[in-house]
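> Can you read through this structure? Questions will come right after.
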Amino acid sequence: MKKLINNVEDVVAESLEGFLMANRRTHQQVAGVNGLVVNDINKKKVSVITGGGSGHEPVFIGLTGEGMADGAALGSVFASPDPHTILEVIKGANTDEGVLCLVINYAGDTMNFGVASELAELEGINVATALVTDDVASAPKGQEEERRGIAGLLLVTKVTGAAAQEGYTLTETKQVAEKANENIRSLSVALTPCSLPGSKANFTIEEDAYEFGMGIHGEPGIQKKKLQAADKIVEEMVTVIADDLELQEADEVVVLVNGTGATSLLELNIVHRQVGKLMENKGVVIYDSIIGSHCTSLEMAGVSISMLRLDAELKRLYNAPAYTPYFYKRGEQT
Amino acid sequence: MKQLNIQETQNMLLFMAERLMASKELLCEIDGKVGDGDHGFGIERGFKAVKAMLEENTYATINELFKASGMTMLHSMGGASGVIFSQLFLGAAAIPEEEKLTSEILAQVMRKGLEKIKATGKAQLGDKTMIDALEPAVLELEQESSGSLEEATGKAMLAAENGVEKTKEYPAKFGRAKFVYERSIGVQDAGATTVFLMFEAMHTYISQQNE
């Protein structure tokens, strides 16, 4: 597939360089690695960092900023960063209150963050990890801890970053991340495949088909289905999410309709329209919605839907102002 | 050939690094069938760093040589394979210091590596991972530990190859392929393939020294 790149080996470093040129007032590189932290780390609060493979932009870079994550470690395309990279980001973001790593649940990410955390502890850093396991398609109910993390990371980062900002301790911040993770579910579908820089498409999807239950790395979904109208596909997705989350009448949720790279906002809004109708039928209250391409799989066409059920604490944290170059929240809506 | 000295062992690892770097596309293609198609990139990244390291340095013991290779892979590859494959070499940290490589010492290094990998990755035989090639290969090395390196690596290579074939029958339980469980049947495991290629490279290098 055609791509605007120079050398395959340089895509992550050059993309980071370009980002930092535009955002030097707020962000800086962690020396020697593909990682970044926000400027002026606040030593009096817990730092939240995240990270993972590249190719999901704006995740993970776009999760860093005010009221969100304080740093991110970037791996090669679709591959977790190595422990050295993660350790340097942990050190770059470290504060008197410690560092919480928000990690999406893939073997590579958990292993490399695990090794990096051990190394950080050896250096006397207070570090903890919370996993994001929002993808309902990746393991059955009852095995939630086996599930992989996808776009729900955005919402988990939002409330976790706000908790750190409010002065929660490391343990309390981790608990917020875990609570958010317990109350969030996502499901993703793909219409076209994506290709790693320098290689062919990972797989094919026929013109009249779509993949149900995609991860975020262009790996095939759990099922190939015949393409239908948007409303039908969205209904299938929302049914799985709502059942798994056991949504009740009068529950309040934040909805994230996320494009996976090549799906137009025209389509994403159509998806959200149907989510809204279905929730209304169920009597579930959509407190707020985010529509956009926040967690992508390169140029894959597709959409993921995430729902975060709110309680009073999560609602307050969700409402806190946040600003990154790719995501913002103006504060409580009226 | 009964043993390799440190320099010869270093040359063998260098040969292995070059062979694995050249296998990038094959490994990506296999991984792309049920994974995300990047295994070959990670392996290339890791062995490229190992190659550069081996060309720059000399080592006083076999253990240091293997450990340095493992640490270089750990801090250059990323992905699950970065942690897993580096541990195969880091197994050398758990055995007494040696200045030569024999079948017995290679078997010990690989046994310790296998134990570390199983502890980290939690995979067992039959889970469609690199263990399916590595464990039978280590067993062959141990069986042949009093014999020549050529014989031992040759049998380990065949055992690994047989293990790769078996991975086709299993549904995946680990890595990203586990999410497509049923659909992974019929596809060989990319990590197991890498294990086979590593043993094949060792065997080829050693056989060439005998000629």
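> Amide H of A:ILE290 versus every other amide H placed in the peptide plane: which residues, excluding those fewer than 5 positions away on the same chain, fall under 5 Å?
Excluding prolines and chain starts, which carry no amide H, the hits are A:VAL255, A:LEU256, A:VAL257.
> Using helices alone, I'd like the mean residue ellipticity at 222 nm for chain A: each DSSP H run of four-plus residues gives -39500 (n - 2.57), total over residue count, nearest 500. It would help to have the intermediate numbers written out before the result.
Values: 8 runs with 108 residues, N = 334.
Value at 222 nm, helices only: -10500 deg cm²/dmol.
> Which translational diffusion coefficient, to the nearest whole µm²/s, is obtained for region A:131-253 from the Stokes-Einstein equation, given a Kirkwood hydrodynamic radius over C-alpha pairs, 4 °C and 1.567 mPa s?
Result for D is 81 µm²/s.
> Run the numbers for A:TYR328 and A:ALA229: contour at 0.36 nm per residue of separation, minus the present Cα-Cα distance, in nm.
Here the answer is 32.5 nm.
> Turning to a different aspect of this structure: What is the local net charge at A:GLN175, summed over the other residues whose Cβ is closer than 12 Å to its Cβ (Lys, Arg +1; Asp, Glu -1)?
Computed value for this residue: -2.
> Rolling a 1.4 angstrom probe over the protein chains, ignoring ligands and nucleic acids, what is the accessible area of A:LEU268 in square angstrom, nearest 10?
0
> If you don't mind, there's one more thing I want to ask. Can you list the HN-Hα couplings for region A:259-274, worked out from phi with the Karplus curve (6.51, -1.76, 1.60; θ = phi - 60°), rounded to whole Hz and with x for Gly and Pro?
x, 9, x, 10, 9, 6, 4, 3, 6, 4, 5, 5, 4, 5, 4, 6
> Relative to the first principal axis of the alpha-carbon coordinates of chain B, what is the inclination of helix B:103-121, with its axis defined by its Cα atoms, in degrees from 0 to 90 and to the nearest 10?
Compared with the principal axis, the helix lies near 30 degrees.
> With an 8 Å Cα cut-off and a minimum separation of 6 or more residues, compute the relative contact order for chain A in percent. Don't skip to the end; give the middle numbers.
Values: 773 pairs, mean separation 58.8, N = 334.
About 18 percent, as a whole number.
> Whose amide H sits under 5 Å from the amide H of B:GLY126, counting only residues 5 or more places off or on another chain, with H placed in the peptide plane?
For B:GLY126, whose amide H was placed from the backbone, the distant partners under 5 Å are B:ASP132.
> Amide H neighbours of A:ASP82 under 5 Å, at least 5 residues apart or on other chains, H built in the peptide plane: list them.
Distant-sequence amide H within range of A:ASP82: B:GLY78.
> Evaluate the distance, in nm, between pseudo-label points positioned 7 Å from the Cα of A:ASN42 and of A:GLU267 along their respective Cα→Cβ axes.
Distance between label points: 3.9 nm.
> Express the C-alpha Rg of the protein assembly as shown as a ratio against the empirical globular expectation 2.2 N^0.38 Å, rounded to two decimals. It would help to have the intermediate numbers written out before the result.
On the way: Rg = 23.9 Å, N = 545, 2.2 N^0.38 = 24.1 Å.
For the protein assembly as shown, the normalised Cα radius of gyration is 0.99.
> Sorting B:LEU149, B:LEU125 by accessible area (1.4 Å probe), largest first, what list results?
B:LEU125, B:LEU149
> Using only alpha carbon pairs under 8 Å that are at least six residues apart, calculate the relative contact order of region B:49-130 and give it in whole percent.
Here the relative contact order equals 27 percent.
> How big is region A:65-125 by Rg and Dmax over its Cα atoms, in Å?
Over region A:65-125's Cα set, Rg and Dmax evaluate to 11.2, 33 Å.
> Right, next: Under the 0.36 nm per residue contour assumption, what length would be gained going from the current alpha-carbon distance of A:GLU66 and A:GLU17 to full extension?
15.6 nm
> So what's the projected area for region A:8-182, the Cα convex hull averaged over all directions, in nm²?
9.2
> If Lys and Arg each add +1 and Asp and Glu each add -1, what is the summed charge of the other residues whose beta carbon sits under 9 Å from the beta carbon of B:GLU142?
-2
> Take B:PHE174, B:PHE199 and sort them by solvent-accessible surface of the protein heavy atoms, 1.4 Å probe, largest at the top.
The residues order as B:PHE174, B:PHE199, largest area first.
> So, one more: Over region A:184-329, what is the mean sequence separation of C-alpha contacts under 8 Å (at least six apart), divided by residue count, expressed as relative contact order in percent?
Working: 279 pairs, mean separation 44.2, N = 146.
30 percent.
> Whole Å is fine, so just give me how far the alpha carbon centre of region B:1-63 lies from that of region A:36-71.
With region B:1-63 and region A:36-71 each reduced to a Cα centre, they are spaced 34 Å.
> Let me check something: with ligands and nucleic acids excluded, how do B:MET157, A:MET1 order by accessible area (1.4 Å probe), largest to smallest?
A:MET1, B:MET157
> For the Cα atoms of chain B, what angle does the longest principal axis make with the long axis of helix B:131-143, in degrees from 0 to 90, nearest 10?
Between the helix axis and the principal axis of chain B, the angle is about 30 degrees.
> In whole angstrom, how long is each semi-axis of the equivalent ellipsoid of region A:184-329, when you take the square root of 5 times every eigenvalue of its Cα gyration tensor and sort them from largest down?
That gives 27, 19, 12 Å for the three semi-axes.
> Still on this structure: First measure r as the distance between the Cβ atoms of A:LYS277 and B:GLU18, then evaluate 1/(1 + (r/R0)^6) with R0 = 56 Å and state the FRET efficiency to the nearest 0.05.
0.40
> Can you pull a Stokes-Einstein diffusion coefficient for region B:104-186 at 37 °C (0.692 mPa s), Rh from Kirkwood over Cα pairs, as a whole number of µm²/s?
For these conditions, the coefficient is 249 µm²/s.
> By the scheme Lys and Arg +1, Asp and Glu -1, what is the net charge of all other residues having a beta-carbon under 9 Å from that of A:GLY67?
+1
> Can I get the semi-axes of region B:94-134's equivalent ellipsoid? Compute them from the C-alpha gyration tensor as square roots of 5 times the eigenvalues, in angstrom, largest first.
Working through the eigenvalues yields semi-axes of 24, 11, 5 Å.
> Taking θ as phi - 60°, what are the ³J(HN,Hα) couplings along region B:10-24 by the Karplus curve (6.51, -1.76, 1.60), each to the nearest whole Hz, with x for Gly and Pro?
After applying 6.51 cos²θ - 1.76 cosθ + 1.60, I find 4, 5, 5, 5, 5, 4, 4, 4, 5, 4, 6, 4, 6, 9, 3 Hz.
> Between chains A and B, what is the buried accessible area summed over both chains (1.4 Å probe, protein heavy atoms, nearest 100 Å²)? Kindly include the intermediate steps, with their values, before the conclusion.
Numbers: alone 14150 and 9360 Å², together 21300 Å².
That pair of chains buries around 2200 Å² in total.
> A further question on this structure: Going by alpha carbons, how many degrees (0 to 90, nearest 10) lie between the helix axis of B:39-56 and the longest principal axis of chain B?
10
> Work out from phi, with θ = phi - 60° and the Karplus expression 6.51 cos²θ - 1.76 cosθ + 1.60, the ³J(HN,Hα) of each residue of region A:221-237, listed in order in whole Hz, and give x for Gly and Pro.
Using θ = phi - 60°, the values come out as x, 7, 7, 9, 10, 7, 4, 10, 5, 3, 4, 5, 4, 5, 4, 4, 5 Hz.
The values are calculated or read from the model by the stated rules, or taken from the named source; none is laboratory data. As the structure is a prediction and not an experimental result, all values here were calculated from the model. Neighbour counts run over all protein chains shown; Cβ positions are idealised from the backbone, glycine included. Just so you know, the surface numbers come from the protein's heavy atoms only, side chains and all, with ligands and any DNA or RNA stripped out. Shrake-Rupley method; radii C 1.70, N 1.55, O 1.52, S 1.80 Å.
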